[in-house]
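Undergrad: Shown below is the structure under consideration.
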């Protein structure tokens, strides 16, 4: 840990990560970041009712169905993680 | 004469007997215990326990009280004393390191008597396998404990027998002695009577011949000599029984030490001191005739330990004749036996150390028991032989010691083996950058000084070395050393292993010369290590407890907290089963100290692991049939749990009460007492709930208060006192009336503890809802005042407080008039402490309840009394009188008007007094009553007082001057600027020079007064005067006290408002050039405040112009002012943002870090101020200048930069910052990525939801869907 980190919020990175799942670090890859983005997005859609209503109209689905779909998609929003390249 | 002769006879006979006894071989049967080895009452005369009553246990209050009590002897303004002084900022310098042992009392010092027991078996790791014989198991420990108890009981029985024997004789002797004193004529007849009457005089002779020291074949138990009914003692029967008892009780050789304390040694045999000879002859007789021993002993009064103590080794003639520690015997000879040390009264830590060390050794060298031998040897092929019949074990300590080959065996000089590496007496330069070693550390860290090669050591030893080095660094090192060492210890804890670590750490904690700071550090080490070792600590739990438990009763609050934390962590690491197994044997330890600390430790375990987990165990312990100590401790644990956990006991209240309730009818008095106290603690913790849980104990408590007396009764009363407030009004009233009879009876008790408890209980009962005022007035008050409102109560601080509290509580029920009417006369009492107590009570009562109850007559008496008490006070603690006066006058309000002239007369007269204290009090009183004077429309009088005070502004004593200024301020506040006499224009010039005064109180009051005038009446004073004051004020910015600096800075604002900002600003800007940082900071704050009060546009041009001065401090000062300015003016900043942007641009590009840092913080405040006000263009421009600074590493700079970015996020929205961020999140260089992710994280935390709309579009990759089609939907 750097000296400069001692005073700010990053001083407790582990704690931070635990509290805010979406925070990242220098070794985050594209997939992990995208998963966080997707989950945040779905959470946001579900959380904002007008947005949900908008999607419902656009997709011609009930609002409840939309909500359910979004929740389901949050499980594996980007599919399975890609194979690790070992290097 | 006759008595003398018989003394001598007796003496001779004694020595003859003794010689005969020691010369003959002692047959086993008659050998009594070696009381100098097994002597048991080392703690005789010590307090056996911390008082159980009152706030026992809750040491928090105790410590505070102690502190206060100690502080009361200090003189100084109370306002200063109440400041918590522990904070490191104390500019008086560093706190002197204090040794823990120096502030401990005897009881607490007993921690050093405990032995760090060997590690124990951990049944969890060993599983099914039978533990190795060398490991101590729970069973072993319990067995030892039982043995210890048996021994103790046996010794007690023996001692008791002696006691009885003796008291029989003493009674007889006393009877004989009384007679001659009574009348001469009777005397002779009495003699005759004696011979006829087998009961008295002759009985002595009879018992004498029958006592077993007379028996030819018996070795005299040392105590027997005391029993000798010497005629001398008959003649000298005057000493009080209690004193005699102390001498006679369980005789020990160690008692000898007391002999030099008794001056009446002129006729040795005739004084009780003579008895102490008993110990000497026994050993000395081996070589010398008794009389000689005696003489030498008394002649060489300043004997040092060596010979004054009956060290067994003294048996060698050479040693016996060399008083003091001679080089012959070497260090070992100086080692006194434990008992001997303990009785010598205060001892040095070194002695403690020796003692502890010796006990430790003793423990390890204890003879092997049969079981242990069985375990060691194979069962087959060996046979246990009978000892030969002629074998007699050596039981006499002297011979035992002689038989052992010890270094002191030869009194001759032997050439010591040389080890050039070891020079323990010379503080040697510690190798390898190790910190300085204190002399007492050599014992522990000495090995580090040996120059032996590291490579030659075994891995184990190397590890040990390493631990020692780290510990030494933690203990004595500089903060950085300490830090790294602590980290290493923590990181490698498991690698080092629990055993080696604790074996090094724990003895250090037992070091008698330990200082607070060192202990804190070592405890910290334990805490960290515990965390890492986790279940590996199990075998060491008891060891750790031995060391940590004493912290629980330390007088220092933080030490107690630390102790609790460690024990709590320990119990979490080791688990309940291990904790119970470790502490169970201590529960019925014979030593009260051990039991006390164990109970406290158990309560911590309960709070760490939850009460329910401990309940079954507690239940079993509290019902222990084996010993009352176990029950006592079990119940005490419940008490401690209640104290420690407070209302958290509520869910388990019923079970806790059930567990202990049978203790109320226990056969042992101590158990009954502690049970009642525990119930009191539980009720106190549960208040105001949980009465139903106490239903079952009400009856026994009730019966108890009728049948018990003394200490037990006090405890029972306390329990009832705490239970009554939980009851419904109806019951409470009933029970109060019932208990009151007994309370009133106990009002007269002379016992201090009882008094305190009675007061407390009365307070509790009276404050309960159902108790009627009439009842209190008629039934309680007369007795209460008669017994408690006496002078003596004012002398003890705790009584005083309790009495005041109780009386105030009563007043809350019965009203002001009753109480004040009863005590008002006492304001004129001749005892000052008593007057003070009365005053304090009146103050509290009146400020609680007002003065409307007080009729005209009482009012007169009251004012009269108060004036008298105020004038007569002599003590330093003036606040009580002042507060009392203030409270009463304020409560009476307009009714004081008739008395005001008299009061003011008194004040005026006292303002002129010779004593500074009196003057100060008078001035203080003015500030208390100024408001009331205004209410009474006595403005003229106030004006007059103002003039008088004005005349006293030349006061020399700063304390008094401060008070005078305070009084003036009070008057000015009340009557306003226009009506003030002397007029403001005269007053202020007089204050200007006083601003130079460096005394804090003067400064504070003066700046307050000046600030008040600048605020309200600036127009009365010419501008030039204000400028002069401005210059003085700059000096005030150096003040240590923050309040003064704040008042000063505000005053700048007022003055600038009054005379316009230009001149003030010029002064302030000039002040930016000074060197001192605090001064500059305050100046920048003042500039910002001026800008705020006089609108920024009046200040900004000059300020920005000042930035052109090519001087670092000035530029930084300007930037800082800007930062403060934008913070203060908030959204007003939108009008100035375009004006300052070029300046900030320049600053953010400056080479100097501080420029960029300060500019960044200015940007932050600016951005936060103008958020949402349409200044985005300027802000983005600024962001472009801020952004390159994100790679700074200096902590303050990077912090400021990050905060600026946060501020800009708020003003610009997260999208902008995210876009800046995206370029670096996946940068090839890790260093870059790290910084960008840091920014991203704080951005994310700040605007998680808002970011959803702005995330970049990612393309799908193979099976992975990264796109967000929902974002593309469009209606």
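Undergrad: Within segment B:1203-1224, does at least one residue satisfy the condition of being more than 28 Å from residue A:33 (Cβ to Cβ), in a helix (DSSP H, G or I) and within 11 Å of chain A (Cβ to nearest Cβ)?
TA: no
This table checks each residue for (1) more than 14 Å from every other protein chain (Cβ to nearest Cβ); (2) in contact (Cβ under 8 Å) with a residue 60 or more places away in the chain; (3) assigned to a helix (DSSP H, G or I); (4) under 24 Å from residue B:1071 (Cα atoms).
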| site | (1), (2), (3), (4) |
| --- | --- |
| B:1119 | yes, no, yes, yes |
| B:1145 | yes, no, yes, no |
| B:1159 | yes, no, yes, yes |
| B:1164 | no, no, yes, no |
| B:1169 | yes, no, yes, no |
| B:1179 | yes, no, yes, no |
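Undergrad: From B:905, B:893, grab the single residue that is farther than 24 Å from residue B:956 by Cβ, free of Cβ contacts under 8 Å to residues at least 24 places away in the same chain and surrounded by fewer than 19 Cβ atoms within 10 Å (Cβ to Cβ).
TA: Result of the check over B:905, B:893: B:905.
Undergrad: For residue A:82, which of the numbered conditions (1) more than 8 Å from chain B (Cβ to nearest Cβ); (2) in a loop (DSSP other than H, G, I, E, B); (3) surrounded by 13 or more Cβ atoms within 10 Å (Cβ to Cβ) fails to hold?
TA: (1)
Here is a yes/no grid of residues against (1) touching a strand residue (DSSP E or B) at 6+ places or on another chain (Cβ under 7 Å); (2) within 8 Å of another protein chain (Cβ to nearest Cβ); (3) at pLDDT below 95; (4) surrounded by 17 or more Cβ atoms within 10 Å (Cβ to Cβ):
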residue	(1), (2), (3), (4)
A:2	no, yes, yes, no
A:6	no, yes, yes, no
A:10	no, yes, yes, yes
A:14	no, no, yes, no
A:19	no, no, yes, no
A:22	no, yes, yes, yes
A:33	no, yes, yes, yes
A:36	no, no, yes, yes
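Undergrad: Of the conditions (1) under 30 Å from residue B:1258 (Cβ atoms); (2) assigned to a loop (DSSP other than H, G, I, E, B), residue B:1173 clears all except one; give me its number.
TA: (1)
Undergrad: What helices (runs of 4 or more DSSP H) lie completely within segment B:982-1065 and have 1 or more residues being within 22 Å of residue B:927 (Cα to Cα)?
TA: Here the list reads B:984-994, B:1000-1016, B:1042-1059.
Undergrad: Going by the structure shown, is residue B:1275 facing another protein chain (nearest Cβ under 7 Å) and out of contact with any strand residue (DSSP E or B) (no Cβ under 9 Å at 6 or more places or on another chain)?
TA: Spelling it out, residue B:1275 is indeed facing another protein chain (nearest Cβ under 7 Å) and out of contact with any strand residue (DSSP E or B) (no Cβ under 9 Å at 6 or more places or on another chain).
Undergrad: I've got another one for you. With the requirement that a residue be within 9 Å of chain A (Cβ to nearest Cβ), within 12 Å of residue A:37 (Cβ to Cβ) and surrounded by 15 or more Cβ atoms within 10 Å (Cβ to Cβ), what does segment B:1226-1266 give you?
TA: Within segment B:1226-1266, B:1240, B:1244, B:1248, B:1251, B:1252, B:1255, B:1258, B:1265, B:1266 qualify.
Undergrad: Now a separate question. Every residue in segment B:761-775 that is surrounded by fewer than 22 Cβ atoms within 10 Å (Cβ to Cβ) and part of a helix (DSSP H, G or I), please.
TA: B:763, B:767, B:773, B:774, B:775
The values are calculated or read from the model by the stated rules, or taken from the named source; none is laboratory data. Note that the structure is predicted; figures quoted are calculated from it, not measured. Every residue, glycine as well, gets a Cβ built from its backbone with ideal geometry; the counts of neighbours run over all protein chains shown.
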